[in-house]
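The values are calculated or read from the model by the stated rules, or taken from the named source; none is laboratory data. Just so it is clear, the model here is predicted, and its values are computed rather than measured. Cβ atoms come from the backbone with ideal geometry, glycine included; neighbour counts cover every protein chain shown. The protein model used for the area step is the full one, side chains on, heavy atoms only, and it has no ligands, DNA or RNA in it. Shrake-Rupley method; radii C 1.70, N 1.55, O 1.52, S 1.80 Å.
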Amino acid sequence: MKFNGRNLYVSGKAKIGRNVRIGDNSSIYDNVQIDDNCTICDNCVIGEPLASYYQDPDYQNPPVVIGPGSILRSHSIIYAGCSIGGGFSSGHRVTIRENTTIGERCSIGTLSDIQGNVRIGNYCKLHSNVHISQTSSIGDFVFFYPFSVMTNDPYPPSMDIKGGHIGNYSQVSVHAVILPGVSVGENCLIGANSVVSKNVPDFSLAMGDPAKVVMDIRKYVVIGKGKPYPWMNRFDRGMPWEGIGYGVWMAQGARK
Amino acid sequence: MKFNGRNLYVSGKAKIGRNVRIGDNSSIYDNVQIDDNCTICDNCVIGEPLASYYQDPDYQNPPVVIGPGSILRSHSIIYAGCSIGGGFSSGHRVTIRENTTIGERCSIGTLSDIQGNVRIGNYCKLHSNVHISQTSSIGDFVFFYPFSVMTNDPYPPSMDIKGGHIGNYSQVSVHAVILPGVSVGENCLIGANSVVSKNVPDFSLAMGDPAKVVMDIRKYVVIGKGKPYPWMNRFDRGMPWEGIGYGVWMAQGARK
Amino acid sequence: MKFNGRNLYVSGKAKIGRNVRIGDNSSIYDNVQIDDNCTICDNCVIGEPLASYYQDPDYQNPPVVIGPGSILRSHSIIYAGCSIGGGFSSGHRVTIRENTTIGERCSIGTLSDIQGNVRIGNYCKLHSNVHISQTSSIGDFVFFYPFSVMTNDPYPPSMDIKGGHIGNYSQVSVHAVILPGVSVGENCLIGANSVVSKNVPDFSLAMGDPAKVVMDIRKYVVIGKGKPYPWMNRFDRGMPWEGIGYGVWMAQGARK
């Protein structure tokens with residue numbers, strides 16, 4: 001059904017690995033490197049040029065790397081200057097702007113919009129419709145849910161943009177807003193529809209507008225389920241401790 | 001202007017009805033059935049294969065049915081395994097994932113994202129940018145407004161996903177969040193920016209974060225307009241009682 | 001890399017100015033006028049026909065004008081009947097529906113959705129994922145941030161739609177909701193996640209759900225930054241007073 005080579009554009013300056021499939025109607029621009037065993041579905045654009053391309057006759061496209069074994073679903077746009085680790089997965093219509101660095105085995109869902117100059121660690125899962133503003137940074141094993149947003153402008157409009165940071169293992173629920181420059185610690189759960197205006201310490205359940213720390217997440221009880229946080233002992237799908245357990249993985253030295 | 005057959009892909013295993021128009025740059029994959037009098041605009045993908053397609057050489061695409069007289073606007077993606085009733089209308093860039101069942105005469109607006117394994121009844125209207133999580137269910141004559149979301153993970157990340165339910169005739173306003181497994185009754189109005197964490201009985205106006213039932217919606221008064229709810233007596237556009245009135249339609253046996 | 005004329009459709013009834021580049025896979029329909037020095041990137045649709053096109057054999061596409069020096073990024077859809085001033089810039093996957101009028105030097109970000117019959121003034125900046133409902137109006141120098149929304153239906157579903165208005169120089173923060181028919185004055189700042197249910201006077205900082213005026217924005221102090229509002233004296237990027245200052249520009253007669 002797919003991968004017919006129909007209306008496909010691959011630059012002569014792109015470097016395509018072994019066992020790579022590229023879908024119909026996709027464009028792979030200059031200086032893109034797609035590593036082995038990747039699947040680029042239809043209607044994707046990899047190496048989207050920066051704004052200066054439209055004006056500068058000497059423009060050179062900054063390099064892009066898509067790590068091995070990644071799958072990009074249709075209509076995704078990855079700008080020039082991005083580096084994406086292996087085992088990456090995108091939904092449809094994802095936009096990842098320039099100079100974004102993404103670690104190993106992340107996924108970014110349908111319609112999510114990564115604004116550029118963003119750092120994302122390893123094993124992060126951004127669901128659909130997540131918006132991450134420029135200069136934000138995200139640790140490892142972080143999850144974002146639909147319509148959550150990291151912002152960066154403290155008194156708009158300004159030139160003093162300052163993205164926030166989300167620590168390892170934290171969860172940002174649907175419709176949560178992280179205000180500019182705010183740092184959320186490790187192992188936090190930010191509740192649905194919260195507006196986080198101040199730094200949040202590790203192991204916090206924070207919620208509300210403005211968000212307040214309502215308890216230590218380790219004390220949070222779900223009836224019939226016990227204490228679900230930290231979550232690493234009860235959830236392993238797609239995690240490096242899948243099948244062996246978080247404790248064993250940590251004891252083995254936490255190799256990714 | 002449209003429908004020139006340019007860069008069009010239609011699988012030999014697709015079944016196309018009479019008087020069907022398919023736009024340029026669209027792809028119709030295996031085992032898709034498009035019923036009579038449908039219009040599929042440009043850049044659509046119907047029968048998008050499931051994840052196993054990329055790995056399984058014996059993959060068979062689950063069937064899709066698009067009911068008669070439907071119109072899909074450009075850049076919409078309908079996954080394999082979906083069944084959509086007649087008179088359906090989509091906006092642009094809609095994504096409907098696998099095994100979703102949609103009844104008769106629904107519409108789903110631009111950028112909305114139906115995550116799969118969702119059931120939607122008849123005559124539902126989802127506006128732009130609505131996100132419906134997996135295993136959610138929606139009755140008949142339900143309206144969702146922009147950036148509203150149904151969620152399904154009660155203590156993220158988990159494997160215990162449980163979508164909620166919205167009863168017949170209910171309205172879910174902009175930016176409202178339905179938390180996992182929550183059931184909203186019939187004839188409810190969920191206010192803008194609400195977070196619904198508990199079940200809501202029939203005929204409720206519920207609002208706030210967390211949402212509370214603030215009154216019986218039948219008592220709600222709009223100055224100069226009287227009591228606008230239930231809404232079926234004052235609104236009929238696109239409804240089966242259009243031109244005859246809800247009372248007459250009900251008296252006739254409520255045939256759809 | 002781009003602009004190879006691949007899979008491009010330009011109607012014989014379109015009027016293309018000098019030094020216009022049109023990207024691969026784009027469609028320019030009847031009665032579209034693209035003025036000099038515009039760049040239309042790949043996969044765009046300009047002059048998307050109205051609903052009646054699909055039924056009326058005598059359909060004539062209403063005219064579209066894209067002013068000089070504009071750039072539309074990929075996958076944007078501009079409906080027939082729109083008029084867009086010069087120096088316009090769009091992100092990716094923008095949708096602008098019919099009969100929308102946009103002034104000079106505006107920008108509309110990735111995934112934003114302008115629902116039609118909207119008026120937008122000059123030098124407005126809509127960031128990503130902004131939703132503007134039908135019949136809304138927006139003054140000059142207005143900024144919207146991600147997931148903000150203007151609504152228009154006071155007791156949904158109804159036919160009594162009434163969009164709101166945002167006055168000159170105002171800022172609408174992330175996730176803010178403007179309820180139907182509400183008028184926000186000039187030089188206001190609407191806080192993140194606010195729900196604005198009543199008119200807001202000029203120079204207000206309004207926030208909360210429902211939003212309340214918490215202070216005169218001219219008295220708002222940011223530690224180390226002084227009083228950042230009105231913002232025109234400290235921010236000029238892309239503004240007509242860039243390089244000369246707002247005061248000088250005003251003294252010169254505020255020519256745009």
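Scanning the stretch B:83-93 for residues that are under 20 Å from B:VAL149 (Cβ atoms) and more than 10 Å from the chain's Cα centre (by Cα) yields B:GLY91, B:HIS92, B:ARG93. Filter the stretch B:17-39 down to the residues that are farther than 23 Å from A:ASN7 by Cα and of a type in the set (S, T, N, Q), then identify the one that is nearest to the other protein chains (Cβ to nearest Cβ). Residue satisfying both the conditions and the ranking: B:THR39. Summed over the stretch A:40-77, residues that are assigned to a loop (DSSP other than H, G, I, E, B), more than 9 Å from chain C (Cβ to nearest Cβ) and in contact (Cβ under 8 Å) with a residue 24 or more places away in the chain total 14. For the stretch C:170-192, enumerate the residues that are over 21 Å from C:ARG234 (Cβ atoms), crowded, with 18+ Cβ neighbours inside 10 Å and small (Gly, Ala, Ser). Those that are over 21 Å from C:ARG234 (Cβ atoms), crowded, with 18+ Cβ neighbours inside 10 Å and small (Gly, Ala, Ser): C:ALA176, C:GLY181. Among all residues of the stretch C:7-21, there is none that is part of a strand (DSSP E or B) and open to solvent by less than 10 Å² (accessible area, probe 1.4 Å). The residues in the stretch C:136-155 that are more than 9 Å from chain B (Cβ to nearest Cβ), of a type in the set (Ser, Thr, Tyr) and crowded, with 24+ Cβ neighbours inside 10 Å can be counted, and the count is 3.
Is one or more of the residues making up the stretch A:223-240 touching a His at 6+ places or on another chain (Cβ under 9 Å) and either over 23 Å from A:ILE108 (Cα atoms) or among the aliphatic types (A, V, I, L, M) (or both)? Scanning the stretch A:223-240 turns up no residue that is touching a His at 6+ places or on another chain (Cβ under 9 Å) and either over 23 Å from A:ILE108 (Cα atoms) or among the aliphatic types (A, V, I, L, M) (or both).
Report yes if A:ASP24 is touching a Gly at 6+ places or on another chain (Cβ under 8 Å), surrounded by fewer than 15 Cβ atoms within 10 Å (Cβ to Cβ) and closer than 27 Å to B:VAL45 by Cα, otherwise no. So A:ASP24 does not fit the description; no. Of all residues in the stretch A:95-126, those satisfying the criterion of being within 14 Å of another protein chain (Cβ to nearest Cβ) and over 10 Å from the mean Cα position of the chain (by Cα) are A:THR95, A:ARG97, A:GLU98, A:THR110, A:LEU111, A:GLN115, A:GLY116.
Taken together, B:SER133, B:SER158, B:SER90 contain a single residue that is within 11 Å of another protein chain (Cβ to nearest Cβ), buried (at least 24 other Cβ atoms within 10 Å of the Cβ) and at pLDDT 95 or above, which is B:SER133. Of all residues in the stretch C:210-256, those satisfying the criterion of being without any contact (Cβ under 8 Å) to a residue 12 or more places away in the chain, among the charged types (D, E, K, R) and outside any strand (DSSP E or B) are C:LYS219, C:LYS225, C:LYS227, C:ARG234, C:ASP236, C:ARG237, C:GLU242. Among the residues in the stretch A:65-81, are any of a type in the set (Val, Ile, Thr), farther than 19 Å from A:THR100 by Cα and touching a Phe, Trp or Tyr at 6+ places or on another chain (Cβ under 7 Å)? Checked against the condition, which is being of a type in the set (Val, Ile, Thr), farther than 19 Å from A:THR100 by Cα and touching a Phe, Trp or Tyr at 6+ places or on another chain (Cβ under 7 Å), the stretch A:65-81 yields no hits at all. Restricting A:THR101, A:THR110 to residues that are within 23 Å of A:PHE141 (Cα to Cα), surrounded by fewer than 23 Cβ atoms within 10 Å (Cβ to Cβ) and hydroxyl-bearing (Ser, Thr, Tyr) narrows the list to A:THR101. Scanning the stretch B:153-181 for residues that are closer than 15 Å to A:VAL222 by Cβ and touching a strand residue (DSSP E or B) at 6+ places or on another chain (Cβ under 8 Å) gives B:PRO154, B:TYR155, B:PRO156, B:PRO157, B:LEU179. Annotation: of all residues in the stretch A:222-243 being modelled with pLDDT under 95 and among the hydrophobic types (A, V, I, L, M, F, W, C), the one that is surrounded by the fewest Cβ atoms within 10 Å (Cβ to Cβ) is A:ILE223.
Checking the structure you have, find out if any residue of the stretch A:193-203 is open to solvent by 80 Å² or more (accessible area, probe 1.4 Å), acidic (Asp, Glu) and under 26 Å from A:SER128 (Cβ atoms). No. Any idea which residue in the stretch A:186-204 is farthest from the other protein chains (Cβ to nearest Cβ), counting only those that are touching a Gly at 6+ places or on another chain (Cβ under 8 Å) and within 18 Å of B:TYR155 (Cα to Cα)? Looking at the filtered set, the residue picked out is A:ASP202. When the stretch C:114-144 is filtered for residues that are without any contact (Cβ under 8 Å) to a residue 40 or more places away in the chain and not in a loop (DSSP other than H, G, I, E, B), the ones remaining, listed by number, are C:ILE114, C:ARG119, C:ILE120, C:LEU126, C:HIS131, C:ILE132, C:SER137, C:ILE138, C:PHE143, C:PHE144.
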